[in-house]
Every structure is written in structure tokens, then in C-alpha cells.
Amino acid sequence: MSFSLHGVAISRGIAIGRVHIVERNQLDIAEYHLEVGEVDAEIERLHAAVALAKHHLREIRAHIPSGTPAEIVAFIDTHMLMLDDAAFNDEPARIIRDNRVNAEWAVKLQRDSLIAVFEEMEDPYLRTRKDDVDHVVDRIFRNLLRHPPLRHELPDQKLKGMIIIARDLAPTDLVLLQHHGVAGFVTEFGGPTSHTAILARSLGIPGVAGLHHARRYIQEEETIIVDGDDGVVLGGADERVLLQYRKRQAERLSYVESLQVLRDAPTVTLDGRVIHLYANVELAEDFKSVREVGADGVGLYRTEFLFLNRSTYPDEDEHFNTYRQMIDALGGLPFTIRTADLGADKMPDVGVANIPFAANPALGLRAIRLCLREPSLFWPQLRAIIRVSAFGPVRMMIPMLSSVDEVHQVLDIVGTIRNEFTRRGIAFDPNMPIGGMIEVPAAAICADVFARHLDFLSIGTNDLIQYAVAIDRVNNEVSYLYDPLNPGVLRLVSTTIGAGRSAGIPVAMCGEMAGDVRYTRLLLGLGLTEFSVHPAALLEIKHIVTHTDVRHAETLAEEFLSDSRLERRRELLQALETGAL
Ligand code: PEP
Ligand code: MG
């Protein structure tokens, strides 16, 4: 039977392959009563299952290919540490003894009481810990029930060319899957701006998300087509359809290959305007691709990955050494380091006590607000950025600004640190540019005021859109409103670009909108001259830029901003997209 399911396109490309379904927490856990004489053996069985879980994790860790980001390895270490904890050893053993129940049931009771505590607290940080508890418990259950570990978590599995279907995937899963050579993936939850989606795009794995009940409709081992361009999944396709998609796949491949010639070409529009294309990076291994695609530098380095899955904040030297290596890898290209954007969807594992419960974490203590509240998090990072500015063209960027007072506070701290360094003879670049992200509507509206105090601006559309249209970017229910073309959003973008131009400072865009080829000409028409995109998208954007006449794009963009008739907007967008100017 053939079918087509529609989800959200989160990572471009076509994948055709057999399905492997990743099932978690679908295990049937039953309760058995034990005789007194059976208790000791049951506790032994528990300890053996926990030991085996640790063994599996050690195996995964040992087989992780070199070059795997340290953050991913740290994630596995966290699970190993949890397996050593009394919560997964002594406590379930006590339950077995006191209640005379089987080990599975004891682990389940312990899991339930841990989760209940987390849920009661309703702390977003603890919600992520809740997932870790489930992952660890799942491993113990599988061993007790003699189920094999999840296939993609084992080394050397034959997942090459397969398509993964899962309820949800963590960035760690995706990295493991990429090492297994999977062709594509489909998740029931998630959206285009989740970190898994961003990672999928930079790894170049086609993906569709938000496909509710995918696991109900799609069978293990059946062949499906994942269309990451249109967010569609097709099953039971006949030869004709398969052929059609294989052709599209081949065309895409040769198009991507043909783009390689652009690598060293200048990024100049048909009417002679020079455009700068920078790369967004998050993991150390992304830095290789910055030069491979011929980017002008790094326009956004998301430093929060340095803070995740660990029990202490990185100290000044760790920050410094990390940035230093990256400067070397960039060989003299500009390097924009964003100060930690922690909180909300990127919760650190440490310092949590200082982030009180928030009903709306995206509107709460995050990014620069959290940094200014927690000097032990912020100062070591600032000191390292200032120190490392002596070794290359570093730019510092502040996320989530909503009031100019925040800029003044940061500049005061920077001044204090620089004074100390001068006194102590520590080298730094006194002219290191300091810029800010415009991702809160209030900041976009007052971009001219920010522009007076900063050296550059960068528009973060991922957040700007969520705040402008009042939706949570990780909430599926309202994702249909997440529209970069919303006239309100475009006016904020246009205002910011205009403010930068009047102040004579550069304005870049580093949100996902900048890397989406559907909007390139519109953005050029709105006056954008700097794009920061994931490396996998850079050459495609360059192709469009070099085939655009900005004067024509400006005329169409102007009309697009002022005409709210849907039909006309669609025509204008199509005219911009196809280049039929
Ligand atoms: C943005 O908000 O557009 C952005 C680039 O930052 P992040 O996605 O890391 O919040
Ligand atoms: Mg942001």
C-alpha cells in the first residue's frame, strides 16, 4: 500500500532507504513477587544488569570515531556516572529486599519516584535530567529483559543507508547515526529550529520532523522516501515514483557538486555589490568545513555547547584554549564568538540553583540576562575572549539584548577586565569589535540606539520570529505561525538593517532564515549584505547571490513589505525566487 505523510522539512535532500525504528521506553514491565530465598539472586541480577549497561556504554565510548565532539563523549560519561550512583544500585536493591519484588519492578518504582520529584519541581533543567534518567533506566531494563541495546548505540552496526524513525532524536543520537552512515531520519516531534535540526543540516542528513504517529504507519525494514525539501515521507512507492526521486537525488547531488567551483570565487552580485558570507558553527569539528566552503569567517560560534553535559563551568583557561585552537583552524579569518546563550532550551547542567523555575523559560533568565546575573559563568568567558583577541581577528557578540543598559553593563565589565590586563601586562586587542544580536522585537525597533554603542549587529531570526509572533519555537502546536515572511518580522529585519546602515556599522543575519535559499533574494532586496549560515548551505546561497541583481530585488522587496495581499505576495516571492526579475 502506498502512502504519503506530511511533516515539517527540517534538513534538505532526498533519502531513499529501508527503515529502522528506534523504540525507547516501549518495554513491558511486570511485577513479580519473590520468595525470601530468591531475594539475593534478584539483587545479583540487578547488579549484573547495571554492570552490563556500563559495559555497553564503555563499548560505545571506545568505538566513537576520533573527531567526535567532546560534548557528545561527555554526554555518555554522564550516563556512566549515573549508573555508578546509589540511585540505580542501592535504592532498587533496597526495594527488592523490602518489597520482595523483581528487579524490573524495583527499577521502575525507583524511576517513577525520581521522575515524580523532577516533575514536581517543574524546573526546565530537571526536565532534561528526566530524559537522562529514562535513557539510563531503559538500558537497565533492556539488560534485565535480555533485549539487545538499541541498534544505533552499538558500534559497527549495519545501519548504513537506512532511514531512522524515532519519536525524537537528541543531537547525540544524530552524531552516532551519522557515524553509522544513515541516509535520513524522521521524527514524530521537533521542529526546524531545534538543535537536532540545526545539527542535521550541518551534517547534511535529510530529515522530516513533526510527523505525528510516524511509528504507527511505517514498518521496520520497509523502503521509504524522505523528502527533506518538502517535508514529505512516501511509502510503498512504485518504480516510477522511485525513479523520479532517484533522479531528483542525482540532480541535487550534481548541483551540490557543481557549486564547488564557487568556493574561491568572489561573492559579488550581478550589479557589482560585495556580499559577505560567514559560517555558523557549534562544534569543534565544524571548523574544518568553514574553510572547505570558502566562508569569509565565522559569523556565529555558539559557545553554549561548551557548557552542556558537565558538572562544572569551563574555567578561563579552558575557554581560552578552545578559542585559541579555533583561531588556528581558521587561519586568520574573522571569528565571532557569541557569549553563552544558556537558559530556556539550552540549559546548563551547573549553576542550576541560580535559575529559578520559570513558567515561560524562553521569556525568562536566559542568555545575557543569566550571564549578568552569574559572574562565575560570565567573567571567565569574557576574560578568555579578551585574552584570545591578541591571537587573531576575534569579534565578541552578545545574545538576546533587550535593553541598551545590558550593553553598558557588558562594556563596563569588559573595561574592568582590560584595565586589569593592561596593569598586569597581559596582551589583548583593544579594538576587538563588540556586537550584539538583535533577536528581541524591542531591540529591533530601537536598533538605531543599539547601533550607537555597538560595533556590529547580527539578526537572530530564530528568536526574533518567536518573540515577534508570540510563539514558542519548540512548541509544535503553534509552529504553523513560525513564518519568516510575516510582515511584522520583515519590518523588524528591515528596520535593523536600516539602523546599521545609518550608523555605518555592519549588520549580519545569523538565524536560520539567512541560510534558506527561498529568502536570499528578498533579504538582499531588504539591504542585507552579510549572511551567516551553516556551512552546508553556504555555497548554495553564494550561487543565488552571484545570480541576483540587487536593484531589481530591492524594488520587489519594497513592494513585498508594503503589500499585504496574499496573492500578490506569493507572486512577488516567486518572482524573487525564480530570478524572473
Ligand atoms: C537566533 O536566534 O536566530 C540565533 C542565531 O540564535 P540561537 O538559534 O542559538 O538562539
Ligand atoms: Mg537566538
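Tabulated values for the structure
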| item | result |
| --- | --- |
| Crossing angle, helix 487-503 versus the chain [Cα axis fit, 0-90 degrees, rounded to tens] | 50 |
| The chain: angle of helix 550-562 to the longest principal axis, Cα-based, in degrees nearest 10 | 70 |
| Gyration tensor (alpha-carbon) shape descriptor, the chain, a/c threshold 1.5 | oblate |
| The range 168-266 shape via C-alpha gyration tensor axes, a/c threshold 1.5 | oblate |
| Folded to 0 to 90 degrees: helix 404-424 orientation relative to the chain principal axis, Cα | 90 |
| Structure-based [θ]222 nm, the chain - -39500 (n - 2.57) summed over DSSP H runs of at least 4, per residue, nearest 500 | -15000 deg cm²/dmol |
| Peptides 270-281, 32-43 ordered by average Cβ neighbours within 10 Å, highest first | 270-281, 32-43 |
| R0 of 35 Å, Cβ-Cβ distance residue 27-residue 4: FRET efficiency to nearest 0.05 | 0.65 |
| Under 26 Å, Cα to Cα: Lys pairs in the chain, sequence gap 8 or more or different chains | 12 |
| Burial ranking of peptide ranges 363-369, 324-330, 297-303, 103-109 (average Cβ count within 10 Å, highest at the top) | 297-303, 103-109, 363-369, 324-330 |
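Readers should treat all values here as calculations from the given coordinates under stated rules, not as data from a laboratory. Since this is a predicted model, take the numbers as computed values, not measurements. Quick reminder, even Gly has a Cβ in these numbers, built from the backbone with ideal geometry, and neighbours come from all protein chains shown.
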